[in-house]
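Single-structure report; data block below.
Each value in this text was obtained by applying a stated rule to the coordinates, not by laboratory testing. Everything numeric here is computed off the predicted structure, so don't read it as measured data. Here the Cβ is made from the backbone with ideal geometry for all residues, glycine too, and neighbour counts use every protein chain on show.
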Amino acid sequence: MLSRATVLTMLALVSISSNLAGQEDWFARPRADVGVNFILSDPVGEFDHFVGMGAGADFFGRLPMDPMGFLSLRADLGFLIYGYESQRVCFEGVGCRVQARLQTTNNIFFGGIGPELAIPLERARPYVHAFVGFSYFNTTSSLEDLWGNDSDFNTENYGDGTMSWGLGGGLEMNLRQGRVPIDLNLGFRYHRNGRVEYLTKGDIVDNPDGSVTMYPVSSEANLMAYHIGVSIGIPRGRDHY
């Protein structure tokens, strides 16, 4: 009877261990995560008086600080385009037999790093994060042919940088489990850029003598960013599975 009880106890312990191990498989975070988001930006406060909504992309990486991923270190790098102008131009000495398209874009390049807190569930992962970093506002002009092919002519008309900080949050929903999990990422982020100088559509004036006059705006440039994207887990060693 003692032997039988011992065997039953050992079987029960094996069963419990297997269940716990199965839970660890879907709770434990990968070694790291990388992802890309499509972004829509909405200016707030004073910035809203000068520019409209913008669009861009954000590339991010995340390194868990504990096995279940409650706390992670997150880094982001991305860009937004908040203004755009396009016009046909001719060449002096040739006339309009040869034409090109002059493209001018107003951009924000940004980056940040900071902590991320999350609640790891089986099929979803709500999270909040904070960051400090930089934002660089610039306006560039380039020449393209009328079919949209780039040329080697590209000039930065104006640029100004600033330190930034912000807060964000979102929800990751699991699309694929396993060694290389894939998640759908929905979220938002507030960018506190402070006061910066930048150009908007129409702030570059071409003078008759060929010179250019610029009328930069100086204001606070804070914005909300809303994103949708995907993240992919970088697996740990096989001994963890």
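Observations on the structure shown:
- Net charge, G161 excluded, C-beta distance under 13 Å - Lys, Arg +1, Asp, Glu -1: -2
- Packing order of peptides 134-140, 97-103, 230-236, highest average first: 134-140, 230-236, 97-103 (average count of other Cβ atoms within 10 Å over each peptide's residues).
- Cut-off under 5 Å, modelled amide H: who pairs with G69 long-range: R29
- Going from the fewest other Cβ atoms within 10 Å to the most, the residues C96, C90 appear in the order C96, C90.
- With a cut-off of 20 Å on the backbone N, the residues of the range 98-135 near the modelled label site 7 Å out from D145 along Cα-Cβ are 98-104.
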